[in-house]
Amino acid sequence: MTIYKMTYNAGRESVTLVNHGCNYSCRICSYRLREGMEPKRFFQAREVEGYLMETNPSMVMIMGGEPTTWCDLDRIARFCKDELQAYVRIPHSNLSNLPPAEVDQVGVSLFAIGKRKYIQLTGGQNSRVLSNIYKVYDRGTMLAVSTILIPEFIGTDEVVRIARFLAEIDDMIPFHVISYLPVPGMSWRGPNREEMNETVEACREVLRNVTGTYMTAASLFTRMDEAYLAQDVRIA
Ligand code: SF4
């Protein structure tokens with residue numbers, strides 16, 4: 001897995017590095033909506049370092065697929081700290097691998113506490129994910145967690161189990177609930193707004209920083225485009 005897109009935003013003084021590929025095969029992955037859009041080329045670590053030196057950002061975001069599978073993540077995160085003193089963010093990770101300590105902030109997708117549900121949904125085990133959440137919290141990495149409400153599979157009870165797990169660590173950990181948006185080939189329906197509201201309110205009884213997003217196809221693509229494309233300078 002490696003980087004196929006690098007962009008620079010002058011207003012935010014930030015660089016976004018976009019990784020290709022993931023070690024999971026989630027049945028609900030929204031990337032499946034973009035199937036067929038394979039990268040044209042990939043960048044070597046020294047090319048990434050060159051781009052970072054040239055742009056000299058104060059923040060570096062590493063995203064796309066599963067960033068912790070990128071073989072040069074440790075090297076580049078260290079480079080960001082040693083050479084640029086930049087803030088390093090991973091906005092979306094399944095946290096199946098522990099990111100390097102140079103990563104300042106990580107957003108974790110945690111779909112279920114129940115082991116069977118987690119495997120059925122992702123194809124991976126959640127035991128390492130749960131222990132990695134403790135590890136990154138204990139070492140002081142800023143942590144935010146999100147999940148997806150799928151009424152017919154990851155219902156309110158399971159989402160509240162996740163909230164309780166987080167509350168045992170720190171009830172101030174930000175938790176974001178996203179409504180499931182049906183992907184091709186899956187029969188599950190998305191929640192209605194009432195189900196979303198009930199779930200968010202139930203989580204607020206155990207955590208102090210809970211938010212929710214009611215997702216539509218239009219809002220999903222707007223978010224992805226904002227994240228990946230709406231940058232000032234784009235190469236590849
Ligand atoms: S971990 Fe994220 S990117 Fe990877 S398959 Fe699952 S939803 Fe998709």
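Data table
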item	result
Alpha carbon Rg of the range 3-235, scaled by the compact-globule rule 2.2 N^0.38 Å	1.02
14 Å beta-carbon shell around ALA163, net charge (K/R +1, D/E -1)	-4
Inter-site label distance for GLU13 and ARG27 at 7 Å from Cα along Cβ, in nm	4.7
GLU38 paired with SER187, simple spin-label distance in nm, labels 7 Å along Cα-to-beta-carbon	3.2
Sorted by Cβ neighbour density within 10 Å, fewest at the top, the residues LYS115, LYS5, LYS40	LYS40, LYS115, LYS5
Kirkwood-based shape ratio for the range 82-218, expressed as Rg/Rh from alpha carbons	0.98
Likely footprinting exposure, SER93, SER127, SER187, fewest C-beta neighbours within 10 Å first	SER187, SER127, SER93
Angle in degrees between helix 127-138 and the longest Cα principal axis of the chain, rounded to the nearest 10	60
Placed amide H near VAL108: partners under 5 Å, 5+ positions off or other chain	SER93, ALA144, VAL145, SER146
Listed peptides 203-211, 135-143 by packing density, highest first (mean Cβ within 10 Å)	203-211, 135-143
Order by protection proxy (mean Cβ within 10 Å, highest first), peptides 69-79, 161-171	69-79, 161-171
When each of LYS40/LYS115; LYS115/LYS135; LYS5/LYS81 is checked by Cα-Cα distance, pairs over 25 Å	LYS40/LYS115
Radius of gyration, Dmax [the range 26-128; alpha carbons; angstrom]	15.5, 47
Whole-number percent relative contact order across the range 3-235, with pairs defined as alpha carbons under 8 Å at least 6 apart	18
Förster radius 22 Å - calculated FRET efficiency between LEU130 and ARG204, Cβ distance, rounded to 0.05	0.50
Helix axis angle, 45-55 relative to the chain longest principal axis, alpha carbon, degrees	80
From phi via Karplus (6.51, -1.76, 1.60), per-residue ³J(HN,Hα) for the range 71-88 in Hz, x at Gly/Pro	5, 9, 4, 4, 4, 6, 4, 5, 4, 4, 6, 5, 9, 10, 6, 8, 7, 10
Rounded tilt (10° steps) of 156-169 against the dominant C-alpha axis of the chain	60
Ordering of 44-55, 13-24 by packing [mean C-beta count within 10 Å, highest first]	13-24, 44-55
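Just so you know, all these numbers are worked out from the coordinates, no wet-lab data involved. Just so you know, these numbers come straight off a predicted model, no measurement behind them. We place every Cβ from the backbone using ideal geometry, glycine too, and count neighbours over all the protein chains shown.
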